[in-house]
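The values are calculated or read from the model by the stated rules, or taken from the named source; none is laboratory data. No experiment lies behind these values; they were computed from the predicted model shown. With ideal geometry, Cβ positions are generated from the backbone for all residues, glycine too; neighbour counts draw on all protein chains shown.
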Amino acid sequence: MPGTWLCGLRRVKVIHVIDWAARRDAAGAGSVLMKHIAQQADALLAIGGSAETVKMLPTLGFRTTGALRGYVRTLHPLRLLRGLGKQRVRGFYRAARSAMSSLGAPTGARSGWRARRLSAGALAEISSVLPTARPGMSVAQRSAALFSYALECPIVPLALYLVEHGGRARGYFLIASAPGQVRIADCWVDSEAPDEWRALLACTIAQAAADPPAAEIVGWANDELTANALEACGFRARHSAAIQLRPRTGAKLPAESLRVQMLDSDAAYFHEGRKEFWS
């Protein structure tokens with residue numbers, strides 16, 4: 001997953017390697033492959049991973065630079081019971097807990113805020129609300145071309161929404177309809193006001209709740225503003241993962257933390273391997 005890290009006027013090329021493999025009788029081949037890929041960017045990025053991968057990364061030069069939390073909010077508790085089979089009893093208690101927690105969660109979009117789905121031919125409308133770096137926080141670069149590519153994902157359907165307030169574009173969100181859940185692949189609002197981030201998420205929740213198979217909505221946060229907004233909108237933290245970076249030899253990376261979203265990895269569309277994130 002190639003990307004660009006925006007920090008002030010700096011542009012830092014990063015690559016998130018989502019999978020690699022080597023024959024067991026070819027010791028070190030995976031390490032050689034990783035190091036070769038690393039020369040094509042200023043840094044390699046790793047978000048979470050299997051226990052084996054997390055254990056291996058430090059030996060390849062990765063260092064922990066932060067952590068993210070995975071958040072879940074139940075949309076329709078009874079849908080959690082689908083396809084559980086012998087685990088139906090456990091699922092029933094989970095659904096009951098989720099129902100209780102969702103009772104006090106805010107519902108409905110905020111007054112004056114609305115989300116409008118963008119077609120592939122209208123992606124240029126999002127240009128005025130793309131993420132920008134802020135003091136102490138850098139962001140991954142977004143573009144209409146990146147979203148156009150994401151919308152063609154053959155694994156799960158993705159949809160991009162422009163969020164407007166008072167007739168003016170204020171932000172966006174990209175959601176993926178995975179089996180049983182809606183995933184917030186990316187989101188942004190051009191504000192540092194907590195209530196406006198909550199308004200953005202309220203629009204996201206409203207769209208997710210209309211997805212017939214969805215039992216829950218999930219999202220990521222590794223910055224305080226996004227995390228506080230998720231919690232204020234009824235999301236509960238269920239998962240944490242380390243964010244690790246491996247600089248290319250001689251490359252000096254920005255000191256600011258990098259805000260990451262599912263779009264920066266395979267978490268938005270990968271089915272089976274991410275179930276442990278939300279259980």
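For the stretch 1-17, which positions are modelled with pLDDT of 85 or more and part of a loop (DSSP other than H, G, I, E, B)?
Met1, Val17
Among the residues of the stretch 51-62, which ones are surrounded by 13 or more Cβ atoms within 10 Å (Cβ to Cβ), in contact with a strand residue (DSSP E or B) (Cβ under 9 Å, 6 or more places away or on another chain) and on the phi < 0 side of the Ramachandran plot?
Thr53, Val54, Leu57, Leu60, Phe62
Scan the stretch 229-267 for residues that are touching a Lys or Arg at 6+ places or on another chain (Cβ under 9 Å) and either part of a helix (DSSP H, G or I) or free of Cβ contacts under 8 Å to residues at least 12 places away in the same chain (or both) and report the count.
The number of residues fulfilling the criteria is 5.
What number of residues within the stretch 231-249 satisfy the criterion of being aliphatic (A, V, I, L, M) and surrounded by fewer than 18 Cβ atoms within 10 Å (Cβ to Cβ)?
3
Quick check: is even one residue across the stretch 221-229 out of contact with any Pro (no Cβ under 7 Å at 6 or more places or on another chain), among the small types (Gly, Ala, Ser), within 30 Å of Met34 (Cβ to Cβ) and not assigned by TED's automatic domain parsing to the domain that holds Leu123?
no
Between Val182, Val260, which is of a type in the set (A, V, I, L, M, F, W, C), crowded, with 16+ Cβ neighbours inside 10 Å, under 26 Å from Tyr149 (Cβ atoms) and in contact with a Phe, Trp or Tyr (Cβ under 8 Å, 6 or more places away or on another chain)?
Values: Val182 fails: in contact with a Phe, Trp or Tyr (Cβ under 8 Å, 6 or more places away or on another chain).
Answer to the check: Val260.
If only one of Leu75, Leu33, Leu60 is assigned by TED's automatic domain parsing to the domain that holds Ser138 and either within 23 Å of Arg248 (Cα to Cα) or touching a helix residue (DSSP H, G or I) at 6+ places or on another chain (Cβ under 7 Å) (or both), which one is it?
Leu75
Since Pro154 meets every condition but one in (1) touching a residue at least 12 places away in the same chain (Cβ under 8 Å); (2) within 30 Å of Leu80 (Cβ to Cβ), which condition does it not meet?
(1)
Pick out the one residue from Ala122, Ala176 that is farther than 19 Å from Arg259 by Cα, surrounded by fewer than 19 Cβ atoms within 10 Å (Cβ to Cβ) and of a type in the set (A, V, I, L, M, F, W, C).
Of the residues listed, the single one that is farther than 19 Å from Arg259 by Cα, surrounded by fewer than 19 Cβ atoms within 10 Å (Cβ to Cβ) and of a type in the set (A, V, I, L, M, F, W, C) is Ala122.
Of all residues in the stretch 101-138, which are assigned to a strand (DSSP E or B), under 22 Å from Val12 (Cβ atoms) and modelled with pLDDT of 90 or more? Spell out how you get there, then give the answer.
Taking the stretch 101-138 first, the residues assigned to a strand (DSSP E or B) are 113-117, 134, 137-138.
Adding the requirement that they be under 22 Å from Val12 (Cβ atoms) leaves 134, 137-138.
Passing the criteria: Met137, Ser138.
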